[in-house]
Amino acid sequence: MDKKRDVTDQEIRNFFAKHLVHIIVSFDTLGDDIKITSFVLEILGNWYLTTAAHCYDEVENCLGAGYSIKSIKLIDAFGSQ
């Protein structure tokens, strides 16, 4: 019989830290980049970048103000391992 155990807070932090991805959005004439934190989630063999919807509000505001996206980068070197 499998014994169930509670997952610790540290195990949860380690899991998400290993799957942490930053999305960096650069605009053509805007001086600062927009940084969005996300994590990789796999569901039934499909991979998704998951973040809160409000994280894109600043991107939408810049697009609404007439800025154009110059580049979008995914940075996965911030995780704990």
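The values are calculated or read from the model by the stated rules, or taken from the named source; none is laboratory data. Worth saying up front: this structure is predicted, and the values here are computed from it rather than measured. Every residue, glycine as well, gets a Cβ built from its backbone with ideal geometry; the counts of neighbours run over all protein chains shown. Calculation scope for accessible area: heavy atoms of the full protein, side chains included, ligands and nucleic acids excluded. Shrake-Rupley method; radii C 1.70, N 1.55, O 1.52, S 1.80 Å.
Among the residues of the stretch 42-65, how many are under 22 Å from Phe15 (Cα atoms) and open to solvent by 70 Å² or more (accessible area, probe 1.4 Å)? Residues meeting the conditions: 8. The residue pairs whose first member lies in the stretch 2-15 and is loosely packed, with under 10 Cβ neighbours inside 10 Å, whose second member is not β-branched (Val, Ile, Thr), and whose beta carbons are closer than 9 Å, counting only pairs six or more residues apart or on different chains, are Val7/Phe15.
On the stretch given as the stretch 1-59, residues that are part of a helix (DSSP H, G or I) and of a type in the set (Asp, Glu) total 4.
On the given criteria, is Gly66 at pLDDT 90 or above and either in a loop (DSSP other than H, G, I, E, B) or in contact with a Phe, Trp or Tyr (Cβ under 7 Å, 6 or more places away or on another chain) (or both)?
Working: at pLDDT 90 or above: yes; either in a loop (DSSP other than H, G, I, E, B) or in contact with a Phe, Trp or Tyr (Cβ under 7 Å, 6 or more places away or on another chain) (or both): yes.
So Gly66 fits the description; yes.
Scanning the stretch 22-45 for any residue that is of a type outside the set (A, V, I, L, M, F, W, C), closer than 20 Å to Tyr56 by Cα, modelled with pLDDT under 85 and in contact with a Leu (Cβ under 8 Å, 6 or more places away or on another chain) turns up nothing.
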